[in-house]
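Q: Supplied in structure tokens, the structure appears directly below.
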Ligand SMILES: C[S@@+](CC[C@H](N)C(=O)[O-])C[C@H]1O[C@@H](n2cnc3c(N)ncnc32)[C@H](O)[C@@H]1O
């Protein structure tokens, strides 16, 4: 009986997602997708991102996650922040990572990186503009990747996650934040022209490229009860290469 109810809930959620989610990115070629993202984030909407992240409380809530050491950034030596945007995560890395750790900001939008650099006013992070599906870094060159609300911008998460697995050393950690297929996530998908994920499907995609789903977080109890803030998860790259399916 319990299983039947769960099955019914899952199917209702799938239907809701089919109707309510922004579907645009699933229909675009790679070139079209890249120019859509660049247009969106280079332009005025990208320029207000730093304010909207503060107003939505998303940036301060992320800060609390780092400062409380629920996500302890001080254990890493080389940290890559994928889809840095206006530096929302790098700001907290600068405050909580080991002072000797190297921090690299990475984004498809050159304009966003310029905004992050101006806003952070720190010479410590370096910045690289490219696509997360083809990152210009050597294999196993980082021990931590942070990635806040970026993976949902690519139609299929696997090319992005495979690149994470390639540039991360075995045992390395990813802090991944992603838009969930909840009611608030479906609304977000229209604002930011992105897709959403169910936890099951994201977990399966992570396992395919050799990531263990280690620990889920919620910003606050309130977020957990109302299913707000999306999927916040720590992934660990396993020491063994993934088994081919
Ligand atoms: C919603 S913002 C997230 C900003 C920040 N990480 C945060 O947590 O608030 C998404 C960012 O991902 C970038 N982005 C989208 N697709 C990307 C890709 N394929 N490769 C690298 N960056 C990408 C966008 O340019 C944008 O700056």
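The numbers here are math on the coordinates, done by the rules we state, and not lab data. Remember, it's a predicted structure, so these values are computed and weren't measured experimentally. Every residue, glycine among them, receives a Cβ derived from its backbone with ideal geometry; neighbour counts consider all protein chains shown.
Q: Can you tell me the FRET efficiency between residue 47 and residue 226 if r is taken as the Cβ-Cβ distance and R0 is 25 Å, rounded to the nearest 0.05?
A: Values: r = 30 Å, r/R0 = 1.18.
That pair, residue 47 with residue 226, gives E of 0.25.
Q: Report Rg (one decimal) and Dmax (nearest whole number) for the chain, counting Cα atoms only, units Å.
A: 17.4, 59
Q: With 10 angstrom as the radius, rank 181, 143 by how many other C-beta atoms surround their C-beta, starting from the fewest.
A: Working: 181 23, 143 19.
By the 10 Å Cβ count, ascending: 143, 181.
Q: Considering the alpha-carbon set of segment 103-245 alone, what are its Rg and its Dmax in angstrom?
A: Computed over the Cα atoms of segment 103-245, radius of gyration and Dmax are 15.5, 46 Å.
Q: Full extension from residue 217 to residue 121: what is 0.36 nm times the residue separation minus their Cα-Cα distance, to one decimal in nm? Provide the component values of the computation, followed by the final result.
A: Numbers: separation 96, 0.36 × 96 = 34.56 nm, distance 2.95 nm.
Taking residue 217 through residue 121 to full extension adds about 31.6 nm, to one decimal.
Q: Still on this structure: Would you compute, from DSSP H runs of 4+ residues alone, the mean residue ellipticity of the chain at 222 nm, taking -39500 (n - 2.57) per run and dividing by the full residue count, rounded to the nearest 500? Show your work: numbers first, answer last.
A: Working: 11 runs with 109 residues, N = 245.
Value at 222 nm, helices only: -13000 deg cm²/dmol.
Q: Another question about this same structure. If Rh is defined by the Kirkwood formula over all Cα pairs and Rg also comes from Cα, what ratio Rg/Rh do you get for segment 156-202? Don't jump to the answer; show the numbers that get you there.
A: Values: Rg = 12.8 Å, Rh = 12.1 Å.
That ratio is 1.05, to two decimals.
Q: How much length is gained if the chain between residue 6 and residue 95 is pulled fully straight, taking 0.36 nm per residue apart and subtracting their Cα-Cα distance, in nm to one decimal? Present the calculation step by step, with values, prior to reporting the outcome.
A: Numbers: separation 89, 0.36 × 89 = 32.04 nm, distance 4.22 nm.
The residue 6-residue 95 span can extend by a further 27.8 nm.
Q: Further question on the same structure: Find the centroid of the Cα atoms in segment 121-147 and in segment 1-64, then give the distance between the two in whole Å.
A: The two parts, judged by their Cα centres, are 23 Å apart.
Q: How much length is gained if the chain between residue 139 and residue 39 is pulled fully straight, taking 0.36 nm per residue apart and subtracting their Cα-Cα distance, in nm to one decimal? Don't skip to the end; give the middle numbers.
A: Numbers: separation 100, 0.36 × 100 = 36.00 nm, distance 3.02 nm.
So the chain would gain 33.0 nm between residue 139 and residue 39.
Q: Please report how far the C-alpha centroid of segment 166-214 lies from that of segment 83-109, rounded to the nearest whole angstrom.
A: First find each Cα centre; the distance between them is then 19 Å.
Q: Can you compute the modelled spin-label distance between residue 239 and residue 57, with each label point 7 Å from Cα toward Cβ, in nm?
A: 4.1 nm
Q: Can you pull the three principal axis extents for the Cα set of segment 38-122, in Å, largest first?
A: 36, 25, 19
Q: How many nm separate the modelled label positions at residue 184 and residue 13, each set 7 Å beyond the Cα in the direction of the Cβ?
A: Simple spin-label model gives 1.6 nm for this pair.
Q: Relative contact order of the chain, please, whole-number percent, based on alpha carbon pairs below 8 angstrom and at least 6 residues apart. Don't skip to the answer; put the middle values down first.
A: Details: 420 pairs, mean separation 44.3, N = 245.
RCO, the chain: 18 percent.
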